[in-house]
Amino acid sequence: MVREVEETVLPGVGLQFSFETADGKRLSVIARRNGRHQVSLSHPDDPDASYEVLDLDESDARQLAELLGGSQIIRDLERVQQLGHEVTIEWVEVGDAAAGESLGDLHVRGETGATIVAILRDGRPIVNPGPDMVLEAGDQLAVLGTPDGVEQATALLSG
């Protein structure tokens, strides 16, 4: 069963993603602008009263994503290529021009219509990176979109 995930912008902090678990708890993940993450559990009737909180640095968050199936998600992305000519996915290596820039500053989606759905950095997956993610030279990006959009994004990111 797919759960509805609520996304909330937390000004000056980052993004919060929340959903209700099968046993009625509220699970929230705050992706902070500084790369840290906070995972919390609360009762659905009072989402501000968390009874369990985990503070994760970027490395901890990547490891947890791996344990929860991040690598499987990246493998599944390759299956998108089977959808036909309307949608494609390409792996693009970040070039010097885009290195050091955040995804939000590059405006890839707005400029090209393509979306960066994952990053491989040092062999580790970062799934569904947020706009505050700063790219590094050599990062491998999974770019999803129309063939034209992916081509434009490739030029923007690898240039």
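Numbers at a glance
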{"item": "Close pairs (9 angstrom Cβ cut-off, 6 or more residues apart or separate chains): within 12 Å of W91 (Cβ to Cβ) in segment 137-156, outside any helix (DSSP H, G or I) and among the hydroxyl-bearing types (S, T, Y) anywhere", "result": "V143/T88; V143/T115; L144/T88; L144/T115; V150/T88; A153/T115"}
{"item": "Set A98, A155, A137: member being buried (at least 19 other Cβ atoms within 10 Å of the Cβ), out of contact with any Pro (no Cβ under 7 Å at 6 or more places or on another chain), at pLDDT 90 or above and of a type outside the set (D, E)", "result": "A98"}
{"item": "Some residue of segment 110-125 being farther than 28 Å from P11 by Cα, surrounded by fewer than 21 Cβ atoms within 10 Å (Cβ to Cβ) and in contact with a strand residue (DSSP E or B) (Cβ under 6 Å, 6 or more places away or on another chain)", "result": "no"}
{"item": "Matching residues, segment 7-50, being under 19 Å from D132 (Cα atoms) and charged (D, E, K, R)", "result": "E7, R32, R33, R36"}
{"item": "Residue count, segment 72-95 (criterion: surrounded by 15 or more Cβ atoms within 10 Å (Cβ to Cβ) and either modelled with pLDDT of 90 or more or outside any loop (DSSP other than H, G, I, E, B) (or both))", "result": "9"}
{"item": "Selection within segment 140-152 - more than 16 Å from the chain's Cα centre (by Cα) and either buried (at least 19 other Cβ atoms within 10 Å of the Cβ) or under 22 Å from G123 (Cα atoms) (or both)", "result": "G149, V150"}
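The values are calculated or read from the model by the stated rules, or taken from the named source; none is laboratory data. If you're wondering where the values come from, they're calculated on a predicted model, not measured in any experiment. Because the Cβ atoms are built from the backbone with ideal geometry, glycine has one as well, and the counts that use them run over all protein chains shown.
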